[in-house]
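Student: Just passing along the structure, written as structure tokens.
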């Protein structure tokens with residue numbers, strides 16, 4: 001039974017990835033919308049993640065050399081696991097773990113660990129990616145289009161930001177299913193030949209296998225003790241991570257006399 005369930009899950013995830021990868025190959029009938037209508041959709045998504053505080057989701061990244069390209073040149077798979085204000089994500093080779101005491105970022109490529117105070121908020125990582133408040137003055141158009149069991153939203157920008165547009169795929173209940181970022185600067189299609197034709201790249205992020213009933217050991221999932229220990233306010237790397245650098249970014253607190 002579990003094997004059949006896993007097969008069906010694998011097929012559904014593969015189908016979702018294929019749908020998103022080839023979505024640009026089909027014309028989208030965009031309809032203009034107002035900023036108020038767009039903000040309403042974002043509010044619905046925000047409400048979804050306010051209600052769902054304990055879940056796990058798979059996160060896939062796919063980079064393309066041009067807007068029209070459907071063959072990714074780079075891909076990675078990660079995850080995001082959340083329980084209230086605590087969370088653990090592994091995205092693009094970087095672990096970010098937050099618990100009641102710390103927010104820890106572990107860069108495995110640079111062998112570096114950053115330690116900060118935990119953020120006192122319950123916003124999901126997905127909602128932080130959808131925060132356009134700082135860029136709203138550069139928006140030239142908001143658009144929408146139907147998308148099986150949900151809606152596609154498109155935000156277009158003027159020449160100021162580093163991107164020309166975002167598209168956002170949201171389910172009918174407000175869950176974020178994916179987004180595509182269209183970058184402004186052009187790069188050679190052949191990185192080894194600077195004189196080759198240039199194109200503007202895009203990045204697709206897909207959220208799949210959302211599981212609000214996911215059971216994981218919260219104490220173990222958000223534990224940072226395998227990276228370092230603390231004594232008298234000093235952080236010391238464990239033996240397993242002795243070759244890493246550690247930076248303490250926490251705001252010092254005054255000790256009681």
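Student: Regarding the range 109-122, can at least one residue be identified that is at pLDDT below 75, loosely packed, with under 15 Cβ neighbours inside 10 Å and not in a strand (DSSP E or B)?
Tutor: Yes, that holds for at least one residue.
Student: Here is a check on your reading of the model: is residue 206 surrounded by 15 or more Cβ atoms within 10 Å (Cβ to Cβ), assigned to a loop (DSSP other than H, G, I, E, B), touching a strand residue (DSSP E or B) at 6+ places or on another chain (Cβ under 7 Å) and touching a residue at least 60 places away in the same chain (Cβ under 8 Å)?
Tutor: In short, no.
Student: Of (1) assigned to a strand (DSSP E or B); (2) closer than 30 Å to residue 34 by Cα, residue 161 satisfies all except one. Which?
Tutor: Failed condition: (1).
Student: Do we find a residue being part of a strand (DSSP E or B), more than 29 Å from residue 87 (Cα to Cα) and at pLDDT below 95 anywhere in the range 186-195?
Tutor: yes
Student: Also: Considering the range 37-80 alone, what residues qualify as being outside any strand (DSSP E or B) and free of Cβ contacts under 8 Å to residues at least 40 places away in the same chain? Give the derivation first.
Tutor: Residues of the range 37-80 that are outside any strand (DSSP E or B), as a first pass: 37-53, 65-73.
Matches in the range 37-80: 39, 40, 43, 51, 71, 73.
Student: Now, a different point. If you scan the range 214-246, which residues turn out to be surrounded by fewer than 12 Cβ atoms within 10 Å (Cβ to Cβ) and touching a residue at least 60 places away in the same chain (Cβ under 8 Å)?
Tutor: 243
The values are calculated or read from the model by the stated rules, or taken from the named source; none is laboratory data. Given the structure is predicted, the values throughout are model-derived calculations rather than measurements. Backbone-built Cβ (ideal geometry, glycine too); neighbour counts: all protein chains shown.
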